[in-house]
Amino acid sequence: MFRIRKIYNTTLPVNKNAFEQIKVIIKQQFSHISDADVSELEDHLINPVRYRFQSNIFVAEDNRRTVKGFALLMYYPDLKFCFLNYISTAKTISGRGIGSALYERVREEARSLNAWSIFFECLPDDPSLCRDPEILKQNKKRLRFYERYGIFPIINTKYETPLEPGDDNPPYLMFDDLGKGKKLSRDIAKFIITAILERKYAGICPPSYINMVLDSIKDDPIKVREPRYIKTVDKIIPLYKIVPEDKRIALVVNDKHYIHHVKEKGYVESPVRIKQILEKLQQTDLFSLFPSKRFSEKYITGVHEKGFVAYLRTVCSTLPPGTSIYPYVFPIRNQAQPPKDMLYRAGYYCIDTFTPLNSNVYPAAKGAVESALTAAELVAEGYLLAYALVRPPGHHSEKKVFGGFCYFNSAAIAAEYLSKFGKVAMLDIDYHHGNGQQDIFYDRDDVLTISIHGHPQFAYPFFSGFKNEKGTGKGTGFNLNIPLAETIPVTEYKEAIERALKRIRKFSPDFLIILLGLDTARGDPTGTWDLNKKDFNEIGLTIGLLKIPVLVVQEGGYNTKNIGNNALHFFTGLWDGIY
């Protein structure tokens with residue numbers, strides 16, 4: 001088994017490792033490529049302006065991160081065409097569909113870039129141009145592969161003329177019209193061939209050689225070779241139609257959420273919330289489901305106070321199954337001395353009287369953290385969109401307190417993880433203030449925290465979420481609260497979204513975490529606003545247009561009649577915006 005993903009940069013360790021494996025494949029499969037050319041590939045990815053083309057790298061890898069094959073597609077935005085620089089499997093891999101999957105992915109990428117064609121070079125199958133019988137055999141195999149896609153060499157030009165007399169294996173120029181059936185005019189062909197020879201081979205092809213090739217182009221439209229290996233048109237492979245794997249939304253569901261089921265009257269944070277969302281998402285092909293990985297408690301204590309974490313673990317392990325305790329004594333006068341009795345100590349670590357502790361709380365909350373970390377890891381590895389569909393929620397959990405149905409702040413723990421790789425922005429669009437991440441990152445400038453919520457004068461948690469809470473120390477100015485009135489027109493909410501996104505653009509983060517509360521919807525029992533599915537779609541689209549990697553972590557939303565539909569419309573908009 002393998003999956004294909006796109007590499008956006010080589011700064012992350014997993015991408016750097018993949019790139020080193022790509023270099024090995026190039027040296028094994030393309031012995032004529034110099035070390036200098038191989039080393040320059042990374043710079044192509046980093047500095048597209050310098051080279052006047054955009055590099056897109058795709059790797060096919062197994063679950064151990066072993067690269068089985070790769071493709072490097074260059075896009076020339078001024079001329080709207082793509083050049084496939086490399087496509088290859090590892091030396092020990094053949095006949096497993098990797099090359100076909102990579103080429104289908106490359107074609108899909110070209111279409112998404114609005115390119116009208118792909119060009120690439122392929123070594124010749126003419127014995128007069130390739131003297132080595134073994135290499136000639138491989139060349140014929142490659143050309144047979146491309147004929148399956150209806151792709152043939154351009155003929156009646158001198159493109160395959162060796163740079164130096166006596167050189168072996170000068171390449172054909174291949175033309176893929178992406179199944180559009182369009183002819184290639186002589187003038188456009190000259191522009192494109194000039195761009196390839198001047199940009200790809202900068203400093204290698206002298207002007208006299210380029211002019212010789214251009215002068216040889218006489219046909220209008222350009223002609224391609226007749227099929228040589230595949231005789232019937234019905235054997236040509238159609239274009240890739242479904243959403244490719246690396247452009248899907250990576251979905252991670254907390255597989256322990258269902259054990260946390262408080263059946264007491266009025267407790268709206270129930271397992272059916274996840275079921276309703278999941279059923280709607282599975283109606284599309286936008287999502288790829290990933291299992292939640294296991295992570296040690298150190299990721300939780302990296303954000304939450306160790307004593308608080310230890311308390312939750314200990315008290316939950318000692319409570320009898322089916323028994324819940326609710327905090328009811330709170331240390332207003334003396335927070336320095338927690339009570340000795342574990343049951344009374346609940347109020348020491350809690351901010352309300354309606355968030356219970358029971359034997360399932362700790363494993364369920366840790367499971368939510370692990371799902372968020374799994375999704376964060378996928379974003380760090382190259383997924384532009386990931387969704388941690390979790391409960392219990394987490395955004396009301398501060399460094400050392402729980403409340404509001406929240407125990408561990410899964411989104412904040414994911415933000416801490418991603419902050420090792422770059423700047424992180426957190427946008428909380430739950431109806432209630434995200435006091436948890438505000439408290440956790442209040443004195444930091446590498447994590448921007450923004451919350452759009454009902455004003456604390458009337459909305460939980462009542463004691464935080466005011467405009468004047470802007471951060472402290474070096475974190476001053478990196479916390480933004482946008483409290484809104486109890487009843488507002490939808491236009492006012494969308495204006496608040498625009499204000500938040502303006503601040504995010506200014507911050508220029510490497511990653512964005514959306515704390516998705518669907519309790520802003522019409523009819524939610526904990527909210528007072530009136531958003532509908534079309535509004536969620538528009539909000540998702542607006543956020544996606546930021547074009548940065550996004551991790552979505554589920555928070556509130558308690559109207560189970562519309563929660564699934566609203567989630568689906570949000571993600572449809574988000575996907576449309578980012579892609």
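Residue by residue, here is whether (1) among the aliphatic types (A, V, I, L, M); (2) closer than 19 Å to TYR383 by Cβ holds:
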{"site": "ARG5", "(1), (2)": "no, yes"}
{"site": "PHE19", "(1), (2)": "no, yes"}
{"site": "GLU40", "(1), (2)": "no, no"}
{"site": "LYS80", "(1), (2)": "no, no"}
{"site": "ALA90", "(1), (2)": "yes, no"}
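The requirement of being closer than 26 Å to ARG313 by Cα, touching a residue at least 12 places away in the same chain (Cβ under 8 Å) and polar (S, T, N, Q) is fulfilled nowhere in segment 451-461; no residue meets it. Please pick out the residue among ALA380, ALA376, ALA364, ALA386 that is touching a helix residue (DSSP H, G or I) at 6+ places or on another chain (Cβ under 7 Å), modelled with pLDDT under 95 and surrounded by 18 or more Cβ atoms within 10 Å (Cβ to Cβ). Step by step, each of ALA380, ALA376, ALA364, ALA386 is checked, and only ALA380 is touching a helix residue (DSSP H, G or I) at 6+ places or on another chain (Cβ under 7 Å), modelled with pLDDT under 95 and surrounded by 18 or more Cβ atoms within 10 Å (Cβ to Cβ). Considering segment 218-240, and only residues there that are among the acidic types (Asp, Glu), over 40 Å from the mean Cα position of the chain (by Cα) and loosely packed, with under 14 Cβ neighbours inside 10 Å, the residue that is modelled with the highest pLDDT turns out to be ASP220. Taking every residue in segment 466-477 that is on the phi > 0 side of the Ramachandran plot and pairing it with any residue that is of a type in the set (Ser, Thr, Tyr), at least 6 positions away or on another chain, the pairs with Cβ-Cβ distances below 7 Å are GLY471/TYR442. Within segment 184-217, the residues that satisfy the criterion of being among the basic types (Lys, Arg) and either on the phi > 0 side of the Ramachandran plot or at pLDDT 90 or above (or both) are ARG186, LYS190. Among the conditions (1) closer than 23 Å to CYS130 by Cα; (2) exposed (fewer than 12 other Cβ atoms within 10 Å of the Cβ), ASP215 misses just one, which is (1). On inspection, TYR103 fails the criterion of being part of a loop (DSSP other than H, G, I, E, B) and surrounded by 14 or more Cβ atoms within 10 Å (Cβ to Cβ). Condition check: surrounded by fewer than 20 Cβ atoms within 10 Å (Cβ to Cβ), in contact (Cβ under 8 Å) with a residue 40 or more places away in the chain, touching a strand residue (DSSP E or B) at 6+ places or on another chain (Cβ under 8 Å) and assigned by TED's automatic domain parsing to the domain that holds ILE222. Does PRO153 satisfy that? Here the answer is no, as PRO153 does not meet what is asked. Could you list all residues from segment 77-94 that are part of a strand (DSSP E or B) and either more than 30 Å from PHE191 (Cβ to Cβ) or of a type in the set (Phe, Trp, Tyr) (or both)? PHE81, PHE83, TYR86, THR89 - these are the residues of segment 77-94 that are part of a strand (DSSP E or B) and either more than 30 Å from PHE191 (Cβ to Cβ) or of a type in the set (Phe, Trp, Tyr) (or both). Looking across segment 366-401, just one residue is of a type in the set (D, E, K, R) and within 9 Å of the chain's Cα centre (by Cα), and that is GLU381. Only one of LEU518, LEU480, LEU501 is touching a residue at least 12 places away in the same chain (Cβ under 8 Å), assigned to a strand (DSSP E or B) and either out of contact with any strand residue (DSSP E or B) (no Cβ under 7 Å at 6 or more places or on another chain) or among the hydrophobic types (A, V, I, L, M, F, W, C) (or both). Can you tell me which? The conditions single out LEU480. Among the residues of segment 189-201, those identified as in contact (Cβ under 8 Å) with a residue 24 or more places away in the chain and either of a type outside the set (Lys, Arg) or loosely packed, with under 13 Cβ neighbours inside 10 Å (or both) are ALA189, PHE191, ILE192, ILE193, ALA195, ILE196. Checked against (1) under 22 Å from TYR172 (Cβ atoms); (2) buried (at least 20 other Cβ atoms within 10 Å of the Cβ); (3) not hydrophobic (A, V, I, L, M, F, W, C), PRO133 meets all criteria but (2).
Being free of Cβ contacts under 8 Å to residues at least 24 places away in the same chain and of a type in the set (D, E, K, R) is the filter here; which residues of segment 97-129 pass it?
Of everything in segment 97-129, just one residue is free of Cβ contacts under 8 Å to residues at least 24 places away in the same chain and of a type in the set (D, E, K, R), namely ASP126.
Taking segment 483-498 as the range and being surrounded by 12 or more Cβ atoms within 10 Å (Cβ to Cβ) and either assigned to a loop (DSSP other than H, G, I, E, B) or not assigned by TED's automatic domain parsing to the domain that holds LYS534 (or both) as the test, the residues that pass are ALA485, GLU486, ILE488.
The values are calculated or read from the model by the stated rules, or taken from the named source; none is laboratory data. Quick caveat, the model's predicted, so the values are computed rather than measured. With ideal geometry, Cβ positions are generated from the backbone for all residues, glycine too; neighbour counts draw on all protein chains shown.
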